[in-house]
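Readers should treat all values here as calculations from the given coordinates under stated rules, not as data from a laboratory. Small disclaimer: the values here were computed from a predicted structure and weren't measured. All Cβ positions, glycine included, derive from the backbone under ideal geometry; neighbour counts span all protein chains shown.
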Amino acid sequence: MRLRNIPGAREKLEESIYVFTEEELMKGRWKKEVFKNEAPLHIEIGSGKGRFITGLAAENPEIDYLGIEKYSSVLLKIMKKQQELDLDNLRLIRMDATYITDAFEEGEVDRIYLNFSDPWPKDRYAKRRLTSDRFLARYEKILKKGGRVEFKTDNKDLFDFSVESVKDAGWKLGYVTHDLYSDEEMLKGNMATEYELKFTKLGNPICKLIAVYE
Ligand code: SAM
């Protein structure tokens with residue numbers, strides 16, 4: 001998602017107490033110095049307008065959340081939601097997740113959410129997919145053992161690629177469906193994203209996987 005450039009977006013983000021930029025990463029210090037507790041840390045990569053991460057943070061005050069988004073103009077939308085909700089357990093990072101290991105210490109993260117990630121359909125850009133072997137190797141460096149990646153998309157090709165990528169990396173597939181909305185059990189507590197609302201309205205089935213890093 002790339003919104004029209006909003007003049008002053010960078011400056012507004014840099015002034016916000018909720019937002020950290022790539023120059024202010026708190027590697028190894030999120031719990032102690034930012035959230036000031038020992039709660040589990042869940043992150044979302046590519047938060048878009050932030051419905052998912054703000055919704056989860058509001059519902060689960062016992063968990064700390066970080067929403068990661070690379071575009072200032074998009075992050076500004078989440079920042080506004082956060083300002084209205086004033087959630088103590090949510091912070092935002094503006095960065096490209098390619099450099100995610102600069103943001104977190106080994107084992108610092110308990111869970112990673114990826115929602116409707118960019119598909120990069122051309123083979124030559126496959127490494128840029130957030131579920132490629134390259135990204136899984138980065139996640140291995142920041143996730144706790146037993147931690148997981150939860151991924152939703154309506155893009156079947158990207159989903160099938162991701163299932164294979166998880167298997168090839170030697171992670172355990174804890175859950176796989178090509179139609180989340182027909183699985184009543186898994187739908188309990190499901191937080192829909194902006195893209196998810198749009199695509200379910202169009203009748204597209206939503207795929208979901210849970211990959212466990214063992
Ligand atoms: N997750 C949201 C949803 O489901 O409604 C937004 C989906 S949108 C297709 C993908 C988002 O991921 C965009 O906002 C994009 O800027 C962000 N994004 C893509 N690649 C990224 C990366 N490498 N690092 C951080 N954010 C990224």
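For this structure, a couple of remarks:
- Gain in span if fully extended, residue 124 to residue 156, counting 0.36 nm per residue against the direct Cα distance: 9.7 nm
- Which listed pairs, of 36/81; 36/156; 80/198; 27/208, have C-alpha distances above 32 Å, in listed order: 36/156
- Calculated [222 nm] ellipticity per residue, helices only, for the chain: -8500 deg cm²/dmol; basis is -39500 (n - 2.57) per DSSP H run with n ≥ 4, divided by all residues, nearest 500.
- Rounded to the nearest 20, the size of the Cβ-charge dipole of region 9-212 about its Cα centre is 360 debye, with Lys and Arg at +1 and Asp and Glu at -1.
- The coefficient of translational diffusion for the chain, derived via Stokes-Einstein from the alpha carbon Kirkwood radius under 4 °C and 1.567 mPa s, stands at 74 µm²/s.
- Semi-axis lengths, Å, region 11-88, gyration tensor of Cα atoms, sqrt of 5 times eigenvalues: 18, 16, 11
- Packing rank of 168-176, 183-191, where each peptide gets the mean count of other beta carbons within 10 Å, highest leading: 168-176, 183-191
- The chain, relative contact order in percent, only Cα pairs under 8 angstrom and at least six apart counted: 20
- Over region 122-214, the pair-distance histogram of Cα-Cα distances with 10 Å bins from zero comes to 15, 47, 32, 6 percent, rounded to whole numbers.
- For region 63-82 and region 99-121, distance of Cα centres in Å: 14
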